[in-house]
Every structure is written in C-alpha cells, then in structure tokens.
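Only one structure is covered here, and it is reproduced in the block below.
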Amino acid sequence: MITLTLLYMQAQSKGIIAAMGMVRACMPVPLPALPAAAHSTGAAEKKPSRGGLRVLVLGGTGRVGWSTATALSKLRPDLRILIGGRNREKGKSLASKLGKRSEFVQVDIHDPSMLEAALYGADLVVHAAGPFQREDKCTVLEAAISTKTPYIDVCDDADYSWRAKGFHEQAKASGVPAIITAGICPGVSNVMAAELVHAARREKASEPERLRFFYYIAGSGGVGPTTLASSFLLLGEDVIVYNKGKERKLKPYSGSLNIDFGKGVGKKDVYLLNLPEVKSTFKILSVPTVSARFGSDPFFWNWGMHTFATFLPTESLRDKNKVLKLVELVDPIVRTIDVIAGECVAMRVVLEHSNGQNSVGLFTHEKLSVRLCSSRIHFNNY
C-alpha cells in the first residue's frame, strides 16, 4: 500500500486506474495536458496547500489506515498527514503520535457535505474506510472528482471496484488521477500478475493461458475488524472465475488446494473467494483462465469459514449490519489467537504458459501491520 501510494503521488495520468495497470500508469513519463475545457466541471477550485503536501487518510483510526499513515510519515516526513475518521478521541490520540505535522479530521464518508469539506485542501486522499462490500455508492471517489482531489483506495470488492471504474470519464474530464484496489491483495498481487504477463509477452515464445492467485494469512494478518467483516461478507458472494474465456460461478470457500508458499511458510490449504483481481486479469491482461484462493491459520479458521459459507443463510452473510454484529463477537477471539498464530502474510501468483512453462511470483511478509517495505517478492520460471 505504501509503495503504491508513493508511486501514485508521482503519477501524471488521469482517470481511474486499476492497480493491475499500475506498472505502466505510474511511470514518470509526461502526458499531454488536457484541453482547458476538460478541467471545467463547476467544482470549486482547490485551496492551495500550505506547509507541504497534505494527505488525508480516511479510515485512519483503523488498522489499515493507521499503518498507512504511520509508514507515510516515516517515509516522507515532509508530508502533512490528516487522520480522517468518526472517533474524535481516538483520532486525536493517534494524530498526536505522528507529531506536529499530523492532525485529526472528523468525517463520515456517507455524509457528502462533510466529506467534501474534509477533501478541500488535500493533495491526495487515501480511502481505507472499509468494508467496501455491499456499498452501493462510491461516495469518496465522487467527492474526490468533485473537489479535484487525487484518489487512491484499498478496495477488495469486485462489484465496488468495477462500479468505481465507471467514473473513469468523469475523473478524466476533471483531470483527477485515481487508483483503485491498491492495497496488498488486490494491489501488490495485481502488479505481480501484470509483471508476469508482460514478461511472458515480451519473450513472444508463448501466450499466457492460466493465472491463479493464492493467498495465505496467519490469524488475521494483523488487520482490524473491518477486514474481518470483509472476509465474512465475501462468503455471501458467488465466486466468479474464468475458464478458457467463459465466466463461471462457484460456491465460496470451496475447491480446496494445498499450496506451497515457500520457505518460512510452507504448504497451506486455500479456498475459492470472489476477488476483484480475477476479473481484472481476465479483462485487462486478457488471460483466459483465472481464479483466486485464500486460506488462513490456525486450520480451524478455515473450518469456521467453510461452515459459515455452507450453513449460514446467504441473506445473512450479505447483510452488512448482521455481519458487523458477528464480527463484534468473533473479533476478541481472533485477537487472542493472533498472539499465537502471528501476522505472516504470503501470496503466490502462478502463470501457466501455452508452451508448458510456468512463471511464479512469491511475496512473503512476517508482520504486515508493521511495514510493507520489509517484504520480499521473488519471480521464478520453471
């Protein structure tokens, strides 16, 4: 997330960019300026920044947002970090930990006027206020376009991400660059997939035939209850996969495979989930067969997820309010187990070529909540 955010701050492209296209989109190559008329949207002109670039992190009081804010403040001490959230007491306390160049901004992302007021004067908004599942409007993105504020999010929901892509022309007309699904998975995983596919096509020896995403997280991976809610909400969605160019719908948390995540992690069971990178890979990278699987430790978390997906009514798993109440019950148990299980995160992206060769990207991180920059990414062919 931090690497993508810093790349984003150098990007000169405009419009909605999926993280899948980030490798090329964020190259510092000057692009033609838009016609003057394209910048006229009726929105108020932005207030010039004072005292350095201002980055507003929405969901800044949550674990993902707070980790983002903390890492950005260390990597770029010149930035003014605005912690955006609803909990004033917690927000002010966290902002004080970052020093004098940080402050808390109270904002509810479902309140358009409050949201636009918070964005006014910001040079970049990082949207980490999930869960993104079951959100029928892209309120932050719309406000960013209206206020001409560059935008990046950590969306992990297929429907939301493609709804956001629908604002491409509006963002382009307003001269607003935006990157969606720019967390770790999807996000870093998308860039890994794009690198594998582009490398294969550069060699021109064969065509990509099948790409599979495999994810492993020990315990909760150090994330907060919001991400736990996202996992439960995904159990209420049909899993979209592609097989030889045809879309198929499968049951969530089915199709178990035992996957080797390399040294320090080993082999882990993973299960099908409906993740946005599957559709991105199929449509943007033109790979005909694509799927994504996820698994966790201890092993009984997988049993629990499979049980929820199998026996809980689909309507309940699609009801955000009910899921959030379920998370309140489960979260204390998860935090306790995290102490034992740790926070290791691993991703394996496998690309199969038409000539029988395979390319693999492997990402591992011992404690993701601390800092992304200490992670390791390896690419191999076999």
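Things to note:
Yes/no per residue for (1) more than 22 Å from residue 381 (Cα to Cα); (2) touching a helix residue (DSSP H, G or I) at 6+ places or on another chain (Cβ under 8 Å); (3) among the hydroxyl-bearing types (Ser, Thr, Tyr):
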site	(1), (2), (3)
178	yes, yes, no
181	yes, yes, yes
194	no, yes, no
203	no, no, no
209	no, no, no
231	yes, yes, yes
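- Summed over segment 131-149, residues that are out of contact with any Cys (no Cβ under 7 Å at 6 or more places or on another chain) and open to solvent by less than 30 Å² (accessible area, probe 1.4 Å) total 10.
- Residue within segment 170-182 that is in a loop (DSSP other than H, G, I, E, B), surrounded by fewer than 24 Cβ atoms within 10 Å (Cβ to Cβ) and out of contact with any Cys (no Cβ under 9 Å at 6 or more places or on another chain) present: yes
- Test: residue in segment 132-143 that is at pLDDT 95 or above, closer than 25 Å to residue 173 by Cβ and more than 19 Å from the chain's Cα centre (by Cα): yes
Residue-wise test of (1) among the hydrophobic types (A, V, I, L, M, F, W, C); (2) under 25 Å from residue 199 (Cα atoms); (3) without any contact (Cβ under 8 Å) to a residue 60 or more places away in the chain.
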residue	(1), (2), (3)
250	yes, no, yes
253	no, no, yes
257	yes, no, yes
288	no, yes, no
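- When 325, 283, 320 are checked against the criterion of being under 21 Å from the mean Cα position of the chain (by Cα), without any contact (Cβ under 8 Å) to a residue 40 or more places away in the chain and surrounded by fewer than 19 Cβ atoms within 10 Å (Cβ to Cβ), 283 stands alone in meeting it.
The values are calculated or read from the model by the stated rules, or taken from the named source; none is laboratory data. Everything numeric here is computed off the predicted structure, so don't read it as measured data. Here the Cβ is made from the backbone with ideal geometry for all residues, glycine too, and neighbour counts use every protein chain on show. The protein model used for the area step is the full one, side chains on, heavy atoms only, and it has no ligands, DNA or RNA in it. Shrake-Rupley method; radii C 1.70, N 1.55, O 1.52, S 1.80 Å.
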